[in-house]
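Asks: Got a structure for you, written out below as structure tokens; questions coming shortly.
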Amino acid sequence: MVPMIAGLSALIPNGRLWAQVDKHGKQHWLTMTDSQIKQPLSTSYKYSHVAKHLNKKVLVIMNRYTASSGEMAIIALKQNPNCQIVGTESAGFTSANNLVSLKKDNWAAIITYASLYSPAAIHGRHHFNNEPLQPDVWTTQVPIANPTSWAQQPLDKGFLQELQTAAAS
């Protein structure tokens, strides 16, 4: 997720993007500077400085196939007050997880260890724990009518009309 956020850094303000909140309520913040993303309980990620374009209107298309890293990128983008989410709710993989190796038969488990707190409200909410993100503008059409493969698919024509209406507002 961090390289995705770095790639979107021109549209995301510097500062706190979200906190991982453990079961004791302790917050560990993911923060962004002009050339670095500092991850909670992990190493920092350095990237090339890019000029910020925070005055641009940003429309993010989301649906039930938007999951995990995509959801966290949207939480980061929502720190920009000019960002609007358009579409339907996300998959709901909004938590911090760890991979735990199990000794029996070389198995591993993915364990949720923290929920997420966003400084900017997303559809009126700040706290997420494996719950879908809700769009700012709901559409009746889904972005892609028949997703048959992981390959890039054209946007549904009905959705495009709704997107144009949202962009005009």
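The values are calculated or read from the model by the stated rules, or taken from the named source; none is laboratory data. Everything numeric here is computed off the predicted structure, so don't read it as measured data. For neighbour counting, all protein chains shown are included, and Cβ atoms are generated from backbone atoms with ideal geometry for every residue, glycine included. The area values use the complete protein model at the heavy-atom level, side chains included, leaving out ligands, DNA and RNA. Shrake-Rupley method; radii C 1.70, N 1.55, O 1.52, S 1.80 Å.
Asks: Does the stretch 51-70 hold any residues that are over 23 Å from S95 (Cα atoms) and among the β-branched types (V, I, T), and which are they? Quick ask: steps written out before the conclusion?
Replies: Here is the first cut: in the stretch 51-70, the residues over 23 Å from S95 (Cα atoms) are 51-59.
Residue satisfying the conditions is V58 alone.
Asks: Sticking with this one: Within the stretch 22-37, count every residue that is assigned to a strand (DSSP E or B), open to solvent by 30 Å² or more (accessible area, probe 1.4 Å) and of a type outside the set (V, I, T).
Replies: Looking only at the stretch 22-37, we keep the residues that are assigned to a strand (DSSP E or B), and these are 27-32, 36-37.
Retained after the next criterion (residues that are open to solvent by 30 Å² or more (accessible area, probe 1.4 Å)): 27-29, 31, 36.
Filter once more, keeping what is of a type outside the set (V, I, T): 27-29, 36.
Here the count works out to 4.
Asks: Go through (1) assigned to a loop (DSSP other than H, G, I, E, B); (2) open to solvent by less than 20 Å² (accessible area, probe 1.4 Å); (3) under 19 Å from V58 (Cβ atoms) and name the single condition P40 misses.
Replies: For P40, the exception is condition (3).
Asks: Next question. Let me confirm something: among A51, A19, A67, which residue is of a type in the set (A, V, I, L, M, F, W, C), part of a loop (DSSP other than H, G, I, E, B) and closer than 27 Å to W138 by Cα? Working first, answer last.
Replies: On the way: A51 fails: closer than 27 Å to W138 by Cα; A19 fails: part of a loop (DSSP other than H, G, I, E, B).
Testing whether each residue is of a type in the set (A, V, I, L, M, F, W, C), part of a loop (DSSP other than H, G, I, E, B) and closer than 27 Å to W138 by Cα leaves just A67.
Asks: While we're looking at this one, here's another question. Quick check: anything in the stretch 104-113 of a type outside the set (K, R), under 19 Å from the mean Cα position of the chain (by Cα) and surrounded by 11 or more Cβ atoms within 10 Å (Cβ to Cβ)? So that I can check it myself, show each step before the final result.
Replies: Residues of the stretch 104-113 that are of a type outside the set (K, R), as a first pass: 105-113.
Checking which are under 19 Å from the mean Cα position of the chain (by Cα) leaves us with 112-113.
Then drop every residue that is not surrounded by 11 or more Cβ atoms within 10 Å (Cβ to Cβ), which leaves 112-113.
Yes.
Asks: Right, something else. As an exercise: evaluate I111 against (1) closer than 22 Å to G25 by Cβ; (2) touching a residue at least 24 places away in the same chain (Cβ under 8 Å) and give the number of the one condition it does not meet.
Replies: Failing condition for I111: (2).
Asks: So, one more: If you check every pair at least six apart or on different chains, which have Cβ atoms under 8 Å apart with a residue in the stretch 47-59 that is free of Cβ contacts under 8 Å to residues at least 12 places away in the same chain first and a residue that is among the aromatic types (F, W, Y) and open to solvent by less than 100 Å² (accessible area, probe 1.4 Å) second?
Replies: Final answer for the pair search is none.
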